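*Asks:* Sharing a structure, written as structure tokens. Questions coming.
Nothing in this text is a laboratory measurement; each read-out follows from the coordinates by a stated rule. Here the structure is a predicted model, which is why all the values come from computation and not from measurement. Neighbour counts are summed over all protein chains in view; Cβ atoms, including those assigned to glycine, are modelled from backbone coordinates with ideal geometry.
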Amino acid sequence: MSVGWKRFAIAGDIAKVDTGILPGSREAADVSLSYSGGKWSTRLQVAADRATGDQPRLLGNGDAYSVDLGGSYSLTRNLELTGGMRYRLQRDRLEPIADDRRDAQAVYIGTAFKF
């Protein structure tokens, strides 16, 4: 669902995946707020995802929360420069002790084409 007013918009989404008797059922929700100016736009998105039911710890990914802050600047009518940062926190997950990577944190820069 999305509601807009002047140059602001707020959107929300709720999802539920029910796998029946098999493990892997999940619930997710996210809310985003965006603003569009003349040549630029920004957005903030917050999301949560959790396992439902009884799942073995090896199969279930546990709870996950994420925040995404990004924006774009219009270079031409059909081309935009985009960028932002994303952070994701995942709980109750089995990880190797020696793994120093931070896959859940990202800074991105790119382009977007409109047709």
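*Asks:* If you take every residue apart from TYR35 with its C-beta less than 12 Å away from the C-beta of TYR35, what net charge results, scoring Lys and Arg +1 and Asp and Glu -1? Intermediate values should be presented prior to the final figure.
*Replies:* Values: positive: LYS6, ARG7, ARG43; negative: none.
So the environment of TYR35 carries a net charge of +3.
*Asks:* Provide the net charge surrounding SER66, with neighbours chosen by a C-beta distance below 10 Å and charges set as Lys +1, Arg +1, Asp -1, Glu -1. Don't skip to the end; give the middle numbers.
*Replies:* Details: positive: ARG86, ARG88; negative: ASP30, ASP49, ASP68.
So the environment of SER66 carries a net charge of -1.
*Asks:* Setting aside same-chain residues fewer than 8 positions from LYS114, which lysines have a Cα under 23 Å from its Cα?
*Replies:* Within reach: LYS6, LYS39.
*Asks:* Separate question: Excluding ALA11 itself, calculate the net charge of residues whose Cβ lies under 13 Å from the Cβ of ALA11, where each Lys or Arg counts +1 and each Asp or Glu counts -1.
*Replies:* Net local charge, ALA11 excluded: -2.
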